[in-house]
Amino acid sequence: MLAFLKSPHFLINGEKHMTGSAGQKRVPSNYFAKTPFPLPPLAEQRRIVAKVEELLALCDELEAAQTASSEHRTRLVRSALDHLTTAKDEPDFKKHAAFVLQHSDLVLDSVSDLRKVILSLAVKGHIVPQNPKEESTATLLERIAHTKSKSAQTRRQSESRGEASIHESPYALPQSWLWARFDAVATIESNLVPPAEFPEHPHVAPDNIEKATGKLLDYRTVQEDEVKSSNHRFFPGQIIYSKIRPNLSKATIVDFEGLCSADMYPVVPHINSRYLLTYILSSVFLSMAVRNDTRVAMPKINQEELNQILVAVPPLPEQQRIVAKVDELMRWCDALEARLTTAQTTAEKLLDATLHQILNP
């Protein structure tokens, strides 16, 4: 009897007889009283129960096997992609790249991981070729240093700029690249202002930035957010970076003027702003941003810590090529996700239609 009451035939037909409002729907008692009950002989009932239990046990085994298979595929994909981003040298990278290409179907289940790999490979010099004829990175960094003011802070920045020692380097760079401190390629602009003077300005908080993508979400004005405490004023072309919970990788480039939470840093980039944002969103930057933070309740990174982070700097023309390539690859990821979503929706609709045909002949 229990098997019949739990059967799709009984349940689906029961939904058609439900009464009451959306939140309080129920099946009337007369549905139970008047619904024909298929009654086989008692011996056959026992055989049916035994067979149902046998089949359900097989379903449990199948479900467990599918779960184990899915977990294995996930581990395999992540391991393959991790090997790409941690390759020791070019031959090692090519070996793991060949494996990923050979098993590309596995990546379909992990487009979000693929996005992270794209960012990581971009800042390691793997997604566009180098051109030895381009202006050297050393010349670029020298030019940036000369355009800054000659204050004591700038002299300190210049001294810290170049001399990131070999043992400190997170990984080997292409020959035309150099390591530089964050404060050599960008300036943190602390510019606290009273919000009452800027009521109609856009207001951006960490919650208005999507995690790890650089996408700016919907935001409101200072007045609409009822901002009371001092905020940083930012300007077009700056990068806004959230200093709290750096593990969330919340950063974006703005093309307008506004105010941002004091929990964020307005950053003036001195290299290609899109490349610097790509680097900030990468796992390379993230690992350095969180490695010294022992604050559990509210992790954050202060200005001094941020300024000391190492940045992998390619020649300026290569920065531009990297940005263009990353944009192209992210569009491919968008298209892939859209197709997978469409395919999944189509499959679910087809399964639903098939089940209705089976259960409602």
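Every number in this text was worked out from the coordinates using simple rules, so none of it is lab data. Not measured: the values here are computed from a predicted model. Heads up, the Cβs are rebuilt from the backbone with ideal geometry, glycines too, and the neighbour counts pull from every protein chain shown.
Key figures for this structure:
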{"item": "Net +/- balance of residues flanking Ala57 in space, Cβ distance below 12 Å, scoring K and R +1, D and E -1", "result": "-4"}
{"item": "P(r) of segment 137-316 over all Cα-Cα pairs, binned every 5 Å from zero, in whole percent", "result": "1, 8, 17, 20, 19, 15, 11, 5, 2, 1, 0"}
{"item": "Point-to-point label distance, Leu316-Asp263, nm (Cα→Cβ direction, 7 Å offset)", "result": "3.7"}
{"item": "Net charge contributed by nearby residues that have their C-beta within less than 14 Å of Asn191 (K/R +1, D/E -1)", "result": "-2"}
{"item": "Pair Tyr171, Arg75: separation of 7 Å Cα→Cβ label points (nm)", "result": "2.4"}
{"item": "Exceeding the 31 Å Cα-Cα cut-off - candidates Lys95/Lys300; Lys116/Lys228; Lys133/Lys211; Lys95/Lys325; Lys94/Lys133; Lys211/Lys325", "result": "Lys95/Lys300; Lys116/Lys228; Lys133/Lys211"}
